Amino acid sequence: MTRAPTRPFSPRRLALASGLLALLAFPAAAQQTSVPFGTASDSSAPIQVDSETLSVSQEDGSAVFEGNVLVEQDNMRLQAARVQVIYDEDQSRIQRLEATGGVTLVSGEDAAEAERADYNIDDGDVVMSGNVLLVRGPSTIQAERMRINVDAGTAVMEGRVRTFLSQDGN
C-alpha cells in the first residue's frame, strides 16, 4: 500500500480550515443573545400585588393571586392571569414568584411577553419561557427563553433567537 505524500498546512489552508470551523460553530453561538433590558431595578424593594382573587395555603404557606394580576416592584411591572407566591421556609419573606397565563414584564421602555415567568427574588433573576417576545423601541427579538437580571438591567435570549431590527424608525 502506497501512501500519498503529506504536505504541511499552508497559511491559506489553515485560514480556510479555521473559517470552516467558525462557520460550523456559528449556529451554536446564534442560539444565545445578550441584550440590555429596561432599567436596573432593586430586587430587595417591596413588592405590591393586585388581583381579583387571593387564595392562601396554610399547609405550605404559598399564596395564589388570580385574575388580572399586577405585580409591581421598584420600576418593574409584571402582569399575568395567575401568580403564585412562594415564601421561604420560615415564611418570613418571598422566595420566588411563578407567573403563568399571558405574562407581560415591563421595565423602563422595554416590554417582554411570554407564557410563563419565574422570578427568584434572592438572585434578582427572572426566567421567561414559552414564545418570548421582547420589544425594544421599534425592534423585536423572539426566543424560547429569556433570562433577566433585574438588578443589572440585562437579559440573555436563548433558543432559536430571531431578531427584527428597525433602522431609522422604519
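Values quoted throughout were computed directly from the atomic coordinates according to the rules given, and no laboratory measurement underlies them. None of the values given here were measured: they were computed from a predicted structure. Positions of Cβ are backbone-derived with ideal geometry, glycine not excepted, and every protein chain shown enters the neighbour counts.
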Query raised in the report: How far, in nm, would the chain grow between Ser62 and Glu89 when pulled straight, counting 0.36 nm per residue and subtracting the alpha carbon separation?
Result: 8.6 nm
Query raised in the report: Counting pairs of Cα atoms in region 33-164, how many percent are more than 21 Å apart?
Result: 36 percent
Report summary line: By Cβ neighbour count within 10 Å, fewest first, Tyr119, Tyr87 rank Tyr87, Tyr119
**Report entry** Ser55 paired with Asn120, simple spin-label distance in nm, labels 7 Å along Cα-to-beta-carbon
**Finding:** 2.8 nm
